[in-house]
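Notes for the one structure printed next.
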C-alpha cells in the first residue's frame with residue numbers, strides 16, 4: 001500500500017520525523033534575491049545563470065528569484081533584455097537557509113543597428129557559458145571518427161549518433177543501415 005493505515009500514521013511520523021524535516025529544509029538551501037534596475041524596481045523575467053549548470057532560473061513578477069545550490073564557490077550572473085549583465089562570485093557556506101544575492105542591472109545603451117536584430121535572434125550573452133560536457137562530446141566524436149577512418153567505416157555520422165554510442169564499447173553500426 002502507498003498510504004499506511006490511519007493507526008500507523010502516528011508511529012510512522014515519529015520514526016521518520018527528523019528525516020522528513022531535514023528533507024524539507026534542504027529545499028531551501030542555495031541563494032535567493034531580487035533583480036532590480038537602478039531605480040529600485042524589480043525586473044520581471046530576468047535570467048539568473050550559474051556557470052557550469054545548464055539550468056537557468058527566471059525572476060518572478062517583482063524580480064525575486066530562488067536558486068537551489070550546493071555549498072561552494074559559484075559564478076552567478078543576472079541578465080535581462082535591455083539591461084547589461086551583472087556577474088558575481090558567490091561563496092556559499094553550508095547553512096540551513098538560502099543566502100541572499102541581489103543584483104542591480106543598468107540600462108543598456110540604445111543601439112539602433114542591433115535593436116532590429118535583437119528582436120529576431122537571441123542575444124550572444126545566452127551562448128557564452130562554458131559547459132565541460134560539450135568538450136567531452138567533441139572529444140569522443142573525434143576519437144570515434146579517427147577509429148572509423150582507420151577501419152574504413154563511413155566517417156560522417158548522423159546528428160543522433162552520440163546518443164547511442166558508449167565510450168569504449170562497440171559502435172552500433174546497425175543504426176546506420178537505414179540512414
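The values are calculated or read from the model by the stated rules, or taken from the named source; none is laboratory data. Keep in mind it's a predicted model, so treat the numbers as computed, not measured. Neighbour counts are summed over all protein chains in view; Cβ atoms, including those assigned to glycine, are modelled from backbone coordinates with ideal geometry.
So residue 89 clears everything in (1) touching a strand residue (DSSP E or B) at 6+ places or on another chain (Cβ under 7 Å); (2) surrounded by 11 or more Cβ atoms within 10 Å (Cβ to Cβ); (3) not in a loop (DSSP other than H, G, I, E, B) except one condition, right? Which one?
For residue 89, the failing item is (2).
Is the stretch 16-35 home to any residue that is over 17 Å from the mean Cα position of the chain (by Cα), modelled with pLDDT of 90 or more, closer than 24 Å to residue 110 by Cα and not in a strand (DSSP E or B)?
The answer is no; no qualifying residue exists.
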